[in-house]
Amino acid sequence: MLPQVGGARDRRGSRAAGGPARGGCSRAPNGRGRSLSPSEVAYPVPTVRTCVGCKSSGSPQDLVRLVVGPEGEVVADLAGGAFGRGAWVHPRTVCLEGAVKGGLSRGLKTKVTADPLQVTSTLREAAVRRTYSLLQAAERARLATVGTAALEDAERDDRVELLVLARDAKASADLSAVRRLGERGRVRFFKTKAELGAVFGRDELALVGLLSPDLAKEVSRMISVSELEEPGRAHRVTEVG
Ligand SMILES: [Zn+2]
């Protein structure tokens with residue numbers, strides 16, 4: 001058994017080693033060592049992206065896309081599909097600072113006029129907007145529970161992937177269903193009851209439960225980006241609540 005496994009690995013290894021040497025292309029983003037045709041370049045399927053701040057690579061889920069406008073202004077493209085000259089960066093202060101101080105302009109060969117503080121607040125605001133629209137989309141697709149009774153039902157059936165809880169929802173935080181979700185790491189605090197309510201046309205809303213793993217993952221990611229620490233305020237605690 002073992003020699004066979006080793007042999008198979010050796011054969012794969014020699015193929016993989018031979019590929020890039022024959023292809024001779026160092027620009028292939030997926031490491032398969034093959035030149036991209038023009039149509040593939042125009043319609044990329046991203047598997048790995050490089051952060052222009054720290055130059056390490058990661059999956060697109062771990063990075064955010066920034067687009068630089070004609071005046072050098074930086075716009076957040078959190079859905080990853082906007083037109084324009086874009087570059088990817090880890091949503092953390094040190095990488096954003098590296099990106100704004102040079103990585104972004106080098107990577108895109110364009111002038112960047114924004115400063116780290118502006119880029120951070122642009123990202124944070126875009127993340128809040130995207131969180132709101134994801135919550136609305138989830139409700140329209142019936143992949144969200146809005147309010148306490150619906151959440152308790154869904155929690156009983158173990159269907160809640162993530163609970164978005166208003167920071168001022170003191171009474172709801174004491175519900176046993178909410179406590180159980182919290183113990184499983186499935187609660188994220190976000191905004192206030194009034195702000196969450198406005199998203200759903202209500203005066204107040206304490207909690208929204210998300211029933212889709214993909215949506216839960218993306219909302220959690222956006223909430224993290226919305227909590228990005230501002231540059232120069234390193235003493236502040238990043239994770240609140
Ligand atoms: Zn980085």
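Could you go through the stretch 180-195 in sequence order and give the Karplus-derived ³J(HN,Hα) for each residue, using 6.51 cos²θ - 1.76 cosθ + 1.60 with θ = phi - 60°, rounded to whole Hz, and x for Gly and Pro?
4, 5, x, 5, 8, x, 10, 10, 10, 7, 7, 6, 10, 4, 5, 5
Over the stretch 46-114, what relative contact order in percent results from Cα pairs under 8 Å that are six or more residues apart?
Once normalised by length, the contact order is 35 percent.
Enter the accessible area of Leu123 (Å², nearest 10), with the probe set to 1.4 Å and all protein chains included.
About 0 Å², rounded to the nearest 10.
What ranking, highest mean first, results for peptides 135-147, 162-174 when packing means the other Cβ atoms within 10 Å averaged over each residue?
The peptides rank, most packed first, as 162-174, 135-147.
Before I look further, what does the stretch 166-207 give for accessible area per residue, probe 1.4 Å, in whole square angstrom?
That works out to 56 Å² for each residue.
Rounded, prolate or oblate: which one fits the stretch 46-114, using the alpha carbon gyration tensor with axes a ≥ b ≥ c (rounded when a/c is under 1.5, else prolate when a/b beats b/c, else oblate)?
oblate
Scan around Leu162 for amide H atoms under 5 Å from its own, H built in the peptide plane at 1.01 Å from N, and keep only partners 5 or more places away or cross-chain.
Amide H neighbours of Leu162, under 5 Å, 5+ apart: Leu210.
Need one word for the stretch 130-226: rounded, prolate or oblate. Basis is the Cα gyration tensor (sqrt eigenvalues a ≥ b ≥ c); a/c below 1.5 gives rounded, then a/b vs b/c decides.
Verdict is rounded for the stretch 130-226.
Got a sec to turn the phi values of the stretch 164-170 into Karplus ³J(HN,Hα) couplings, 6.51 cos²θ - 1.76 cosθ + 1.60 with θ = phi - 60°, whole Hz, x for Gly and Pro?
These are the phi-based 3J(HN,Hα) values: 9, 10, 4, 5, 9, 8, 5 Hz.
How big is the accessible area of Thr50 in square angstrom, nearest 10, if you roll a 1.4 angstrom probe over the protein chains?
Per-residue accessible area (Thr50): approximately 70 Å².
Got a sec? What order do Ser226, Ser176 fall in by accessible area at 1.4 Å, biggest, i.e. largest, first?
Output order, biggest surface exposure first: Ser176, Ser226.
Please report the carbon-and-sulfur percent of the accessible area for the stretch 69-119; probe 1.4 Å, protein heavy atoms only, DNA, RNA and ligands left out.
57
Go through Lys55/Lys193; Lys101/Lys193; Lys111/Lys217; Lys191/Lys217 and tell me which ones have a Cα-Cα distance over 29 Å in this structure.
Lys55/Lys193; Lys101/Lys193; Lys111/Lys217
The values are calculated or read from the model by the stated rules, or taken from the named source; none is laboratory data. Keep in mind the model is a prediction, meaning the values are calculated, not measured. Because the Cβ atoms are built from the backbone with ideal geometry, glycine has one as well, and the counts that use them run over all protein chains shown. All accessible areas refer to the heavy atoms of the entire protein, side chains included, with ligands and DNA or RNA removed. Shrake-Rupley method; radii C 1.70, N 1.55, O 1.52, S 1.80 Å.
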